[in-house]
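Here the structure is laid out as structure tokens; the discussion comes afterwards.
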Amino acid sequence: MRHIAIIGSGPAGYYTAEAAQKQWGDDVKVDIFDRLPVPYGLIRTGVAPDHQSIKGVSRRYEQTALSDNVSFVGNVTIGEDVSIDELLGLYDAVVLATGAPRDRGLDLPGDHLRNVHGSAAFVGWYNGHPEFAALDPDLSGDTAVVIGMGNVALDVARILSKTREEFAGSDIVGHALEALVASKIRRIVVLGRRGPHQIMMTPKELGELGHLTRAAPRVDPADLPDVGEDALLEPGLRKSVNHLRSFAAIPESHRADVDIEVEFDFFASPRALLGEGKVEAIEVERTRIENGRAVGTGEFYEIPASLVVACIGYRTAPIPGVPFDERAGRFANDEGRILPGLYCVGWARRGPSGTIGTNRPDGFGVVERIAEDMPAPAGRKGREGFDALAAARGLEVVTFRDWKKIEEAEAARARDGAPREKFVDVAEMIRARG
Ligand SMILES: Cc1cc2nc3c(=O)[nH]c(=O)nc-3n(C[C@H](O)[C@H](O)[C@H](O)COP(=O)(O)OP(=O)(O)OC[C@H]3O[C@@H](n4cnc5c(N)ncnc54)[C@H](O)[C@@H]3O)c2cc1C
């Protein structure tokens with residue numbers, strides 16, 4: 001029997017488990033560890049709560065999770081509760097699928113000011129990640145600045161704009177829903193160093209901004225390149241740019257009907273956050289594009305800002321004993337290989353890019369490499385050995401069956417029309433398994 005430990009129960013973890021089953025059938029046992037008592041990583045705590053159809057991908061992971069040779073081992077943090085060396089002694093292969101849960105720092109003067117948040121924290125707050133549930137962002141000011149031109153920036157701008165009714169059917173956590181509907185934010189500035197042709201926003205997500213009840217997007221027509229230049233773009237980006245063109249054409253009469261404006265500020269590089277204790281403004285330098293890169297023009301201006309959310313990317317959290325690539329912010333690896341017996345996959349391997357589906361070929365690829373590197377199992381103890389260690393350490397392991405009870409309890413306490421009301425506290429989750 002081959003014993004594989006996968007660390008992280010997000011998409012990369014479950015696709016790797018699926019690939020291991022396809023590769024070795026009944027001759028493999030897979031344990032999927034997670035530091036949280038609940039599975040699915042960013043499907044639960046990243047993907048926007050008003051995008052339930054995307055979150056539905058977890059049903060596919062559940063099929064893998066319920067098979068006899070795959071187990072969920074929740075509430076165990078690898079690198080704290082158990083070391084990598086210990087796991088390497090118990091399993092034939094250890095695959096790190098720990099994602100990239102830390103915000104990349106803004107590294108600007110004033111980034112320590114209150115109400116300046118990274119998107120991992122802000123998204124974690126409205127999605128009920130136990131680490132960020134208590135963030136309590138201050139939404140009492142008028143203007144929010146969202147830094148970044150990718151889909152996470154769009155998620156944040158949209159969530160800040162929606163009405164209670166527009167959250168119907170979502171699983172946004174109650175504390176965030178109440179704070180958001182009471183929010184006083186009326187201007188949301190989405191700031192990007194480069195221009196409309198360099199955005200990383202996908203058409204469907206960008207298009208949604210044009211259909212909000214109380215908010216309308218604003219694009220300055222002067223920022224848009226000549227329409228003829230769009231022909232050179234790949235089709236997805238061309239569609240996104242079309243959305244920006246239609247936002248630029250929204251008549252002022254329509255704006256009078258909405259009370260929130262989502263304003264795209266292109267060619268704008270943040271230089272400093274200003275304020276006394278709490279953020280009050282952001283200093284920005286106008287840029288121009290030279291060889292695809294944003295270059296400062298020396299023209300500076302300030303945008304008043306009572307809340308700043310930086311959606312500028314993520315870093316993997318280092319684990320003691322695992323070589324780390326500081327510059328790239330992920331584990332040092334060669335196509336997923338880290339050290340003998342130790343591999344990585346998903347965001348922990350590639351960094352934070354691509355869609356959920358991008359993690360599937362990654363999972364299959366890493367299993368191919370494991371199969372190449374170790375044609376025969378080494379007679380490791382696998383789960384039995386881990387259980388002995390867990391008992392000796394008094395670890396409180398949460399199983400998939402426990403998770404199903406937690407899931408049931410979350411569904412039972414949901415608001416009308418919502419699929420669940422998440423527990424946002426680890427102790428509460430553990431109590432809910434009964
Ligand atoms: C805000 C946001 C919105 C997104 N929306 C979309 C979308 O709409 N559509 C789309 O296609 N993609 C979306 N993505 C991208 C998608 O979520 C990622 O591609 C995917 O989740 C990456 O999978 P992963 O398994 O590598 O990491 P993750 O999903 O982050 O999973 C990592 C898991 O590892 C666990 N873990 C971490 N450290 C440890 C440790 N030391 N011990 C044990 N467990 C540990 C974590 O608890 C977590 O469960 C979004 C991403 C973000 C951030």
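Could you calculate the contour length gain from residue 289 to residue 175, that is, 0.36 nm times the residue separation minus the distance between their Cα atoms, to one decimal place in nm?
Details: separation 114, 0.36 × 114 = 41.04 nm, distance 4.16 nm.
That pair, residue 289 and residue 175, stretches by 36.9 nm at full extension.
According to a simple spin-label model (label point 7 Å from Cα along Cα-to-Cβ), what is the distance in nm between residue 327 and residue 404?
4.9
Distance between Cα centroids, region 395-434 to region 295-310: provide it in whole Å.
After rounding, the separation between the Cα centres reads 42 Å.
Based only on Cα atoms, what Rg/Rh ratio does region 228-281 have, Rh being taken as Kirkwood's radius? It would help to have the intermediate numbers written out before the result.
Values: Rg = 16.5 Å, Rh = 14.6 Å.
In region 228-281, Rg relative to Rh is 1.13.
If r is the Cβ-Cβ distance from residue 271 to residue 317 and R0 is 30 Å, what FRET efficiency results, to the nearest 0.05?
On the way: r = 28 Å, r/R0 = 0.95.
Efficiency computed from Cβ-Cβ geometry: 0.60.
Can you give the charge dipole size of region 87-185 about its Cα centre, rounded to the nearest 20 debye, using +1 on the beta carbon of Lys and Arg and -1 on the beta carbon of Asp and Glu? Working shown, then result.
Details: 7 positive and 13 negative charges, 26 e Å.
Here region 87-185 has a charge dipole of around 120 debye.
Can you tell me the Rg and Dmax of region 182-227, counting just the alpha carbons, in angstroms?
Answer for region 182-227, Rg first and Dmax second: 12.5, 41 Å.
Would you kindly calculate the translational diffusion coefficient of region 1-112, applying Stokes-Einstein with the Kirkwood radius from alpha carbon pairs, for 4 °C and a viscosity of 1.567 mPa s, and quote it in µm² s⁻¹ without decimals? All intermediate terms of the calculation are to be shown ahead of the outcome.
Details: Rh = 15.1 Å.
My calculation gives 86 µm²/s for D.
Taking a probe of 1.4 Å, how large is the accessible area per residue of region 1-145, in Å²? Provide the component values of the computation, followed by the final result.
Working: 5140 Å² over 145 residues.
Spelled out: the 1.4 Å probe surface of region 1-145, per residue, equals 35 Å².
For residue 425, what accessible surface area do you get with a 1.4 Å probe? Give it in Å², rounded to 10.
Accessible area, nearest 10 Å²: 70 Å².
Checking the a/c ratio against 1.5 first, then a/b against b/c, what shape does the Cα gyration tensor give for region 195-341? Let's see the in-between values first.
Working: a/c = 1.90, a/b = 1.49, b/c = 1.28.
It comes out prolate by the Cα gyration axes.
Under a 1.4 angstrom probe, counting protein chains only, how are 29, 55, 278, 184 ranked by accessible area, largest first?
Working: 29 90, 55 15, 278 45, 184 115 Å².
The ordering from most to least exposed comes out as 184, 29, 278, 55.
Where is the GNM fluctuation largest for the chain (alpha-carbon springs, 10 angstrom cutoff): 312, 250, 406?
Highest fluctuation of the listed residues: 250.
Please give the contour-minus-distance gain from residue 62 to residue 299: 0.36 nm per residue of separation, less the Cα-Cα distance, rounded to one decimal in nm.
Difference between extended and current length: 80.0 nm.
Given 37 °C and 0.692 mPa s, compute D for the chain with the Stokes-Einstein relation, Rh being the Kirkwood radius over Cα pairs; round to the nearest whole µm²/s.
Numbers: Rh = 23.0 Å.
Approximately 143 µm²/s, per Stokes-Einstein.
Probe radius 1.4 Å, ligands and nucleic acids left out: which of 112, 129 has the largest accessible area, and how do the rest follow?
Values: 112 145, 129 25 Å².
Solvent-accessible surface, decreasing: 112, 129.
With only alpha-carbon atoms in the gyration tensor, what are the semi-axes of the equivalent ellipsoid for region 147-216, in Å, largest first?
Values: eigenvalues 107, 33, 24 Å².
Working from the Cα gyration tensor, I get semi-axes of 23, 13, 11 Å.
Where does each of 138, 220 land when they are ordered by accessible area, with a 1.4 Å probe and the largest first? Intermediate results must be reported in sequence, preceding the final value.
Working: 138 55, 220 80 Å².
Per-residue accessible area, sorted high to low, gives 220, 138.
At R0 = 51 Å, how high is the FRET efficiency between residue 368 and residue 411 if r is their beta carbon distance? Nearest 0.05 is fine.
On the way: r = 38 Å, r/R0 = 0.74.
FRET efficiency, residue 368 to residue 411: 0.85.
May I ask for the distance between the Cα centers of region 54-124 and region 220-279, given as a whole number of Å?
So the separation of the two Cα centres works out to 33 Å.
What does the charge dipole of region 248-307 about its Cα centre add up to, to the nearest 20 debye, if the Cβ of each Lys and Arg holds +1 and the Cβ of each Asp and Glu holds -1? Could the numbers behind the result be given before it?
Values: 6 positive and 13 negative charges, 68 e Å.
Roughly 320 debye for region 248-307.
Where the accessible area of the chain is counted over protein heavy atoms with a 1.4 Å probe, how much of it, in %, is carbon and sulfur?
Details: 9290 of 18670 Å².
On the chain, the fraction of accessible area on carbon and sulfur atoms equals 50 percent.
For region 49-195, max minus min Cα coordinate along each principal axis, in Å, sorted largest first?
Reported extents, whole Å, longest axis first: 55, 39, 33.
Taking N as the number of residues in region 188-281, what value does Rg over Cα atoms divided by 2.2 N^0.38 Å take?
Numbers: Rg = 14.6 Å, N = 94, 2.2 N^0.38 = 12.4 Å.
Against the compact-globule rule of thumb, the ratio is 1.18.
Determine the gain in length on full extension of the stretch residue 168-residue 233; use 0.36 nm per residue of separation and subtract their C-alpha separation, reporting nm with one decimal.
Details: separation 65, 0.36 × 65 = 23.40 nm, distance 3.61 nm.
Length difference between fully extended and current span is 19.8 nm.
For residue 77 and residue 204, what is the calculated FRET efficiency with R₀ set at 35 Å and r taken between the beta-carbons, to the nearest 0.05? Intermediate values should be presented prior to the final figure.
Numbers: r = 35 Å, r/R0 = 1.01.
Efficiency computed from Cβ-Cβ geometry: 0.50.
Using the scaling law 2.2 N^0.38 Å as the reference, what is the normalised Cα Rg of region 310-380? Please report the intermediate quantities before stating the final value.
On the way: Rg = 13.4 Å, N = 71, 2.2 N^0.38 = 11.1 Å.
Here the Cα radius of gyration is 1.21 times the empirical estimate.
What relative contact order, as a whole-number percentage, does the chain give when Cα pairs under 8 Å and 6 or more residues apart are counted?
24
Using unit Cβ charges (K, R positive; D, E negative) and no other charged atoms, how large, in debye to the nearest 20, is the dipole of region 143-214 about its Cα centre? Can you show the working numbers first?
Details: 10 positive and 7 negative charges, 81 e Å.
Here the size comes out at about 380 debye.
The values are calculated or read from the model by the stated rules, or taken from the named source; none is laboratory data. Model, not experiment: these values are computed from the prediction. Neighbour counts are summed over all protein chains in view; Cβ atoms, including those assigned to glycine, are modelled from backbone coordinates with ideal geometry. Heavy atoms of the whole protein, side chains included, go into the accessibility calculation; ligands, DNA and RNA do not. Shrake-Rupley method; radii C 1.70, N 1.55, O 1.52, S 1.80 Å.
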